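Encoded as structure tokens, the structure appears first; notes follow it.
The values are calculated or read from the model by the stated rules, or taken from the named source; none is laboratory data. Keep in mind the model is a prediction, meaning the values are calculated, not measured. As a convention, Cβ positions derive from the backbone with ideal geometry for all residues, glycine included, and neighbour counts pool all protein chains shown. Note: accessible area is taken over every heavy atom of the protein model, side chains too, but ligands, DNA and RNA are not part of it. Shrake-Rupley method; radii C 1.70, N 1.55, O 1.52, S 1.80 Å.
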Amino acid sequence: PLHTSGAQALRPHDPRRGGQAVTFPGVSVILSVKNGEAYLDQAVASVFRQTFTNFELIAVDDGSTDRTPEILASFSDPRLMVITQLNAGLTVALNRAIARSRGELIARMDADDVALPERLARQVAFLDAHPQVGLLGTGSEEITLSGEVIATVVPPATDTEIRRVLIRRNPFVHSSIMIRREVIERAGGYDERLPVAQDYEFWMRVAALTRLANLPEPLVRR
């Protein structure tokens, strides 16, 4: 099994003023954004408000033409790495972020979602306790522009339940998943021939290599 650092509970800080640099991050959070000025600020801030602090955030600016570069530059936290590329699409951006990452665990984040403060801590704790699980998602809340919760997505939780669903539909909220680097390397990463549904196809390959799980409680807001 892979070993990860335990959650570190520090006092809350201003996400713009920066946190502590990490030499060996336990988790690499990867985020791809193109013209995400509407919600990017909230998404990035939610990562820096995590109770688990031993992480790096790798944001790939996939050819944005709006204020996305300015928003990313407004965060001084040393755990943030920004990669700028010509528009190549989500799949290529994710693989590029993974290639630059250093954590033994890789967590996805979308530029228009919000991670609840305990998200990373809860997922790291579960994976530490269940070394046989290589891919872990969570439930999610669907919210309005004003932040009102209008629906809760409760995914199948166990490996058996997930596999029953997997043949019919995607049982994971992509922006909630955490996956072991070892599994990504064995599976070969996202298929860059697929501009959409790259996550669903990836889960199919991952399912042949490891056990799967979801934390049913909502730990991301979409």
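State whether the residues of the stretch 13-31 include one that is open to solvent by less than 40 Å² (accessible area, probe 1.4 Å), of a type in the set (S, T, N, Q) and either out of contact with any Ser or Thr (no Cβ under 6 Å at 6 or more places or on another chain) or modelled with pLDDT under 95 (or both).
Here is the first cut: in the stretch 13-31, the residues open to solvent by less than 40 Å² (accessible area, probe 1.4 Å) are 15, 18-19, 22, 25-31.
Retained after the next criterion (residues that are of a type in the set (S, T, N, Q)): 28.
Cutting the leftovers down to either out of contact with any Ser or Thr (no Cβ under 6 Å at 6 or more places or on another chain) or modelled with pLDDT under 95 (or both) gives us none.
No.
Answer yes or no: is there a residue in the stretch 169-177 that is in a helix (DSSP H, G or I), open to solvent by 50 Å² or more (accessible area, probe 1.4 Å) and either within 22 Å of Val27 (Cβ to Cβ) or of a type outside the set (A, V, I, L, M) (or both).
Start the filter on the stretch 169-177 by keeping residues that are in a helix (DSSP H, G or I), which leaves 174-176.
Checking which are open to solvent by 50 Å² or more (accessible area, probe 1.4 Å) leaves us with none.
So far as the stretch 169-177 goes, no, none of its residues is in a helix (DSSP H, G or I), open to solvent by 50 Å² or more (accessible area, probe 1.4 Å) and either within 22 Å of Val27 (Cβ to Cβ) or of a type outside the set (A, V, I, L, M) (or both).
Can you tell me which residues in the stretch 178-205 are under 23 Å from Val124 (Cα atoms) and open to solvent by less than 50 Å² (accessible area, probe 1.4 Å)? Let's see the steps before the verdict.
Let us first name the residues in the stretch 178-205 that are under 23 Å from Val124 (Cα atoms), namely 178-190, 199-200, 202-205.
Hits for the stretch 178-205 are Met178, Ile179, Arg180, Arg181, Val183, Ile184, Ala187, Gly189, Tyr190, Asp199, Phe202, Trp203.
Looking at the stretch 37-55, can you tell me whether even one residue there is over 30 Å from Glu217 (Cα atoms) and open to solvent by 40 Å² or more (accessible area, probe 1.4 Å)? Even if it seems obvious, please write down each step before you answer.
Pass one, the stretch 37-55, residues over 30 Å from Glu217 (Cα atoms): none.
Within the stretch 37-55 (the criterion being over 30 Å from Glu217 (Cα atoms) and open to solvent by 40 Å² or more (accessible area, probe 1.4 Å)), the answer is no, since none of the residues qualifies.
Looking at the stretch 135-155, which of its residues are open to solvent by 20 Å² or more (accessible area, probe 1.4 Å), touching a Pro at 6+ places or on another chain (Cβ under 8 Å) and either assigned to a helix (DSSP H, G or I) or not hydrophobic (A, V, I, L, M, F, W, C) (or both)?
Keep residues of the stretch 135-155 that are open to solvent by 20 Å² or more (accessible area, probe 1.4 Å), which gives 141-154.
Next cut, touching a Pro at 6+ places or on another chain (Cβ under 8 Å) only: 141, 152-154.
Matches in the stretch 135-155: Glu141, Thr152.
Looking across the stretch 132-142 at every residue that is within 19 Å of the chain's Cα centre (by Cα) and not small (Gly, Ala, Ser), the one that is farthest from Ala115 (Cα to Cα) is identified as Val133. Checked against the criterion of being surrounded by fewer than 22 Cβ atoms within 10 Å (Cβ to Cβ), of a type in the set (Asp, Glu) and under 13 Å from the mean Cα position of the chain (by Cα), the candidates Asp128, Asp110 yield just one match: Asp110. Consider the stretch 71-101. How many of its residues are touching a residue at least 12 places away in the same chain (Cβ under 8 Å) and either open to solvent by 60 Å² or more (accessible area, probe 1.4 Å) or more than 23 Å from Gln123 (Cα to Cα) (or both)? Looking only at that region, the number is 20.
When Thr160 is tested against (1) within 22 Å of Asp128 (Cα to Cα); (2) among the hydroxyl-bearing types (Ser, Thr, Tyr); (3) assigned to a loop (DSSP other than H, G, I, E, B), only condition (3) is not met. Selection of the stretch 81-137 for residues being among the β-branched types (Val, Ile, Thr) and touching a helix residue (DSSP H, G or I) at 6+ places or on another chain (Cβ under 9 Å) yields Val82, Ile83, Thr84, Thr91, Ile98, Ile106, Val114, Val133. Determine whether the stretch 65-81 contains at least one residue that is aliphatic (A, V, I, L, M), at pLDDT 95 or above and in contact with a Lys or Arg (Cβ under 8 Å, 6 or more places away or on another chain). Checked the stretch 65-81: at least one residue is aliphatic (A, V, I, L, M), at pLDDT 95 or above and in contact with a Lys or Arg (Cβ under 8 Å, 6 or more places away or on another chain).
The lone criterion from (1) within 20 Å of the chain's Cα centre (by Cα); (2) closer than 27 Å to Ala93 by Cβ left unmet by Leu145 is number (1).
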